[in-house]
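Report on the following structure.
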């Protein structure tokens with residue numbers, strides 16, 4: 001899947017697909033960044049191997065790249081929504097990766113059990129705030 005970035009009005013779209021109607025991230029009004037990432041690396045059509053924890057590692061790798069492009073870092077994350085194919089089975093493993101990533105910066109977080117596509121075990125959505 002090819003990617004690009006562009007702006008429209010007060011919104012800046014980051015990592016937009018040229019084949020699907022989606023962007024990995026959108027900056028709105030120059031104050032908030034909303035990001036959705038998965039455990040599927042660019043150029044692949046399936047998640048990384050190794051289970052939910054490895055998919056979370058890949059999601060954080062993608063998040064770091066998007067945050068850097070927007071001039072932010074993980075300390076700007078205000079809220080997180082995790083979507084897990086097998087929430088009861090995988091939440092402990094995902095929590096270990098999550099804890100290591102965020103350290104002493106604990107954003108508000110919710111985790112949901114959902115049916116995901118493309119063999120994914122994890123999808124993650126983040127909201128970051130730009131400094132004033």
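Descriptive notes on the structure:
- Qualifying residue in the range 39-46 (condition: free of Cβ contacts under 8 Å to residues at least 40 places away in the same chain and under 15 Å from the mean Cα position of the chain (by Cα)): yes
- Scanning the range 11-47 for residues that are crowded, with 18+ Cβ neighbours inside 10 Å and either in a loop (DSSP other than H, G, I, E, B) or at pLDDT 85 or above (or both) yields 33, 35, 36, 37, 38, 39, 40, 47.
- Matching residues in the range 101-122 - criterion: being out of contact with any strand residue (DSSP E or B) (no Cβ under 7 Å at 6 or more places or on another chain), on the phi < 0 side of the Ramachandran plot and surrounded by 12 or more Cβ atoms within 10 Å (Cβ to Cβ): 101, 102
The values are calculated or read from the model by the stated rules, or taken from the named source; none is laboratory data. A quick note: this is a predicted structure, and the numbers were derived from the prediction, not measured. Neighbour counts run over all protein chains shown; Cβ positions are idealised from the backbone, glycine included.
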